[in-house]
Amino acid sequence: MDRDSFTRVKNWVKELRKMASNKNIVLTIAGNKSDMDKLRQVDLQDSERYAASIGANHFVTSAKLNTGIDEAFMDIATRCLEQRRKSTAASSNGSTPAFSQRKSVVIVDDQPPPPPPSRCCS
C-alpha cells in the first residue's frame, strides 16, 4: 500500500463512521497490489495494526494475480451474516436490534429497451 492510499483509507473510515446509520458496520482493509511488494510504502504490520484498531480485518490482495480477493469477500459476507444473526437474537430477547430499521433500495428502469439490431443484406 502506498502512503497516500493509506491516508485516504483512514479518512474514508472516519467518513463511513460519521455517515452510517448502523454504527456496527463491517469494515475490511484490502492492501492491494501485493504483486508489487517491492514498491510498498506502508509497513504490513502498520496496516494490520490500523485495521485491528478500527475493528476491521486486513487482507493482502492482488487483482492482477487474483489472490486474497475471494477470501476478503467471504470474510465480509461471513461477518455480515454473523452480525445479522446477533441482531435477530437480540430482537427475540426483547432488546433493540442493531438492524431495527430495514432500508431497501428499489431501482426502476424507465428507459425502453433498445431496438433489436437490424438485419442487413438478407
Where a residue in segment 67-84 is more than 11 Å from VAL26 (Cα to Cα) and its partner, wherever it lies, is in a helix (DSSP H, G or I) and open to solvent by 50 Å² or more (accessible area, probe 1.4 Å), with Cβ under 9 Å and at least six apart: THR67/ASP35
Matching entry among SER100, SER92 (being out of contact with any Ser or Thr (no Cβ under 6 Å at 6 or more places or on another chain), hydroxyl-bearing (Ser, Thr, Tyr), modelled with pLDDT under 90 and more than 20 Å from LYS23 (Cβ to Cβ)): SER92
Residue within segment 52-68 that is among the hydroxyl-bearing types (Ser, Thr, Tyr) and open to solvent by 70 Å² or more (accessible area, probe 1.4 Å) present: yes
Failed criterion for ASP43 (all others in (1) open to solvent by less than 60 Å² (accessible area, probe 1.4 Å); (2) closer than 21 Å to SER5 by Cα hold): (1)
Output for segment 103-122, where each listed residue is at pLDDT below 70 and either open to solvent by less than 100 Å² (accessible area, probe 1.4 Å) or small (Gly, Ala, Ser) (or both): SER104, SER122
From LYS18, LYS33, LYS14, residue being at pLDDT below 85 and of a type in the set (D, E, K, R): LYS33
Residues that are closer than 16 Å to TYR50 by Cβ, surrounded by fewer than 13 Cβ atoms within 10 Å (Cβ to Cβ) and of a type in the set (S, T, N, Q), drawn from segment 3-32: THR7, ASN11
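From the list LYS33, LYS64, LYS38, which one is of a type outside the set (A, V, I, L, M, F, W, C) and either at positive phi or in contact (Cβ under 8 Å) with a residue 40 or more places away in the chain (or both)?
LYS33 is the lone residue from the list that is of a type outside the set (A, V, I, L, M, F, W, C) and either at positive phi or in contact (Cβ under 8 Å) with a residue 40 or more places away in the chain (or both).
The values are calculated or read from the model by the stated rules, or taken from the named source; none is laboratory data. Computed from a prediction, not measured in an experiment: that's the story for all the values here. Ideal geometry is used to build each Cβ from the backbone, glycine not excepted, and the neighbour counts take in all protein chains shown. Ligands, DNA and RNA are stripped out before the accessible areas are found, and what is left, the full protein with its side chains, is counted by its heavy atoms. Shrake-Rupley method; radii C 1.70, N 1.55, O 1.52, S 1.80 Å.
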